[in-house]
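Data first, discussion second: the structure below is written as structure tokens.
The values are calculated or read from the model by the stated rules, or taken from the named source; none is laboratory data. Here the structure is a predicted model, which is why all the values come from computation and not from measurement. Positions of Cβ are backbone-derived with ideal geometry, glycine not excepted, and every protein chain shown enters the neighbour counts.
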Amino acid sequence: MKITVVGAAGGEVTGSAYYIQTDRASVLLDCGMFQGGKKSEALNKPPVGARQKIDAVLVTHGHLDHTGRLPLLAQRGHTMPVYATAATIDMAALIIRDSARIQAGDAKRKNRKRARTGEPPAQPLYTEQEAEDIIKRFRPVSYNKAVKVATGIEARFVEAGHMLGSTSIEVTISEDGRQKRVVFSGDLGPRGVPMLHDFVPLREADMVFLESTYGDRDHKPFEETVEEFSAVVKDAVARKGRILIPTFAVGRAQLLTTLLGWMFRKNKLRPFPLFLDSPMAIEATKIYYKHFQETPELFDERLLKYIEQKPIREDLKTLKPTVSANESAAIGKCTPPYLVMAGAGMCNAGRILHHLKENLAKSETHVLIVGYQGRGSLGRRLVDKEEVVRIYGEEVPLKAQVHTMGGFSAHAGQKDLLAWFDALAPSKPRVILIHGEDGPRQTLADLIQQRHGLKSTLPAMKDTIEL
Ligand SMILES: [Zn+2]
């Protein structure tokens, strides 16, 4: 039995994919898209060779960097089942469809240019039909119950506290009378955010694949971040500025709107115009509402109690979801103060680019960075406070105030990663660190060595690990 790392390794944080093979079965765990700069995006190929079979796919959670290459499997003609929790299936379907639309749009734009220069037309990475073909393959699993997913391979999905439906996956692999247990952390959420449940650590493994996104640092506690967020928003409103928040459509957008509603309900701030300028975030919010109704047990008790007192939408009368491009363009004509949440989360595409291009040169603009910014992305340049950034081929001086709020991250900080691992450490698993840039990954490896005397492996892309 062996596992080949076909994404989120060698310092890459995106593109998560792991290929598990035994004599009798092959299972792929996650099939994510590489995101960030052009160099990462060039890696967006099917994770395994054309002749290699896949009996089942297991998906930890819906984010694009864990699901975005799934349609490439349909393109190759694979027809295996794809297992995930019901909430992950809803989120993944939304995210994959959106990705296919973006791919089609990008190809169209390129081809308009190519038609002028006489170059052969570009093909999208995958089509909307291929996205539908893979979405049809999803099969829901329950939390905590082991399911047989292929001959000699069982999987158990356990809460990871990272986004709605997110899980770690424990895979039990049998071959020739031997049995090995491999735990994939998936993306782990920070503890103590009163929206979803905290992660549930696992206790036994022969091998663990642990994410290391923030292996080198801790976030500010959530409560402190809420204070900081309130202060920035209040100040910006008082100065009649614009607040721009690049948000991942799923998770951060819902957390921040809930938080703004809470500030209004508690009279910490007078209601002012908020724009949810992302058709996808609007759809994701509907999925949240659907699961409030159908599976309230997925949410933190504090959130459920809060909603019981009064529905969130009553606090958010000044929130305008903008679906059409015309509505989006009209936001720029509004008199500030106002706040805009728009995708993409790393500012590498989407409506946020227009808002940034119009407003980055104004000192009264505030940009709030609330999620991870991949190397090479525009969001990372803003975090690094570069003096001038390029948007749509134009140079824009960065005069706006950029606030990085790690405490809103959907990823566990160092302390929480170690707490998750502490539960597993007594079973002395072999540790494979993935999903982190080189610095954070090494720092986490050193800490695990110090605390538990366990050496970590830091695989490169395409490395195969024997079990
Ligand atoms: Zn994620």
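Within the stretch 33-82, being within 16 Å of the ligand (Cβ to nearest atom), at pLDDT 95 or above and part of a helix (DSSP H, G or I) holds for 66, 67, 70.
Based on what the data block shows, is residue 411 within 16 Å of the ligand (Cβ to nearest atom), closer than 25 Å to residue 245 by Cβ and touching a Pro at 6+ places or on another chain (Cβ under 8 Å)?
On the way: within 16 Å of the ligand (Cβ to nearest atom): yes; closer than 25 Å to residue 245 by Cβ: yes; touching a Pro at 6+ places or on another chain (Cβ under 8 Å): yes.
Taking the combined requirement at face value, the residue satisfies it.
Taken over the stretch 426-445, residues that are within 19 Å of the chain's Cα centre (by Cα) and either more than 9 Å from residue 215 (Cβ to Cβ) or among the charged types (D, E, K, R) (or both) amount to 4. Residue 119 falls short on exactly one of the conditions (1) assigned to a loop (DSSP other than H, G, I, E, B); (2) touching a residue at least 40 places away in the same chain (Cβ under 8 Å); (3) not hydrophobic (A, V, I, L, M, F, W, C), and that condition is (2).
Filtering the stretch 444-453 to residues that are out of contact with any Ser or Thr (no Cβ under 7 Å at 6 or more places or on another chain) and crowded, with 17+ Cβ neighbours inside 10 Å leaves 447, 452. I need a count of the residues in the stretch 185-240 that are more than 16 Å from the ligand (Cβ to nearest atom) and either part of a helix (DSSP H, G or I) or polar (S, T, N, Q) (or both). Residues in the stretch 185-240 being more than 16 Å from the ligand (Cβ to nearest atom) and either part of a helix (DSSP H, G or I) or polar (S, T, N, Q) (or both): 17 in total.
To keep it simple, each residue is scored yes or no on (1) part of a helix (DSSP H, G or I); (2) free of Cβ contacts under 8 Å to residues at least 40 places away in the same chain; (3) within 16 Å of the ligand (Cβ to nearest atom); (4) in the same structural domain as residue 182 (by TED's automatic domain parsing).
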residue: 84; (1), (2), (3), (4): no, no, yes, yes
residue: 91; (1), (2), (3), (4): yes, no, yes, yes
residue: 94; (1), (2), (3), (4): yes, no, yes, yes
residue: 106; (1), (2), (3), (4): yes, yes, no, yes
residue: 110; (1), (2), (3), (4): yes, yes, no, yes
residue: 114; (1), (2), (3), (4): yes, yes, no, yes
residue: 124; (1), (2), (3), (4): no, yes, no, yes
residue: 168; (1), (2), (3), (4): no, no, yes, yes
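Restricting attention to the stretch 82-101, the residues being surrounded by 24 or more Cβ atoms within 10 Å (Cβ to Cβ), closer than 16 Å to residue 248 by Cβ and among the polar types (S, T, N, Q) number 1.
Table: residues versus (1) within 15 Å of the chain's Cα centre (by Cα); (2) free of Cβ contacts under 8 Å to residues at least 12 places away in the same chain.
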{"position": "333", "(1), (2)": "no, yes"}
{"position": "344", "(1), (2)": "yes, no"}
{"position": "348", "(1), (2)": "yes, no"}
{"position": "351", "(1), (2)": "no, no"}
{"position": "355", "(1), (2)": "no, no"}
{"position": "358", "(1), (2)": "no, no"}
{"position": "364", "(1), (2)": "no, no"}
{"position": "367", "(1), (2)": "no, no"}
{"position": "372", "(1), (2)": "yes, no"}
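In the stretch 260-354, counting only helices (runs of 4 or more DSSP H) that sit wholly within it, the ones holding 2 or more residues that are more than 20 Å from residue 93 (Cβ to Cβ) span 301-309, 312-315, 325-331. If you go through the stretch 126-136 and pick out every residue that is in contact with a Pro (Cβ under 6 Å, 6 or more places away or on another chain) and in a loop (DSSP other than H, G, I, E, B), you end up with 1.
Just to be sure I understand, how many residues within the stretch 283-326 are over 28 Å from residue 142 (Cβ atoms) and not basic (Lys, Arg)?
So the first thing to find is which residues in the stretch 283-326 are over 28 Å from residue 142 (Cβ atoms), and the list is 309-311, 313-326.
With not basic (Lys, Arg) added as a condition, the list becomes 309, 311, 314-316, 318-319, 321-326.
Residues that pass the stated criteria total 13.
Considering only residues that are of a type in the set (Gly, Ala, Ser) and more than 16 Å from the ligand (Cβ to nearest atom), look in the stretch 392-408 and name the one that is nearest to the chain's Cα centre (by Cα).
407
Among the residues making up the stretch 102-114, a single one is of a type in the set (Lys, Arg) and surrounded by 15 or more Cβ atoms within 10 Å (Cβ to Cβ): 110. With the structure loaded, tell me whether residue 251 is crowded, with 18+ Cβ neighbours inside 10 Å and in contact with a His (Cβ under 9 Å, 6 or more places away or on another chain) or whether it fails that test. Taking the combined requirement at face value, the residue satisfies it.
When 373, 442 are checked against the criterion of being more than 21 Å from residue 39 (Cα to Cα) and either in contact with a His (Cβ under 8 Å, 6 or more places away or on another chain) or among the polar types (S, T, N, Q) (or both), 442 stands alone in meeting it. The single condition among (1) buried (at least 16 other Cβ atoms within 10 Å of the Cβ); (2) away from the ligand (no atom under 16 Å from the Cβ); (3) not in a strand (DSSP E or B) that residue 145 does not satisfy is (1).
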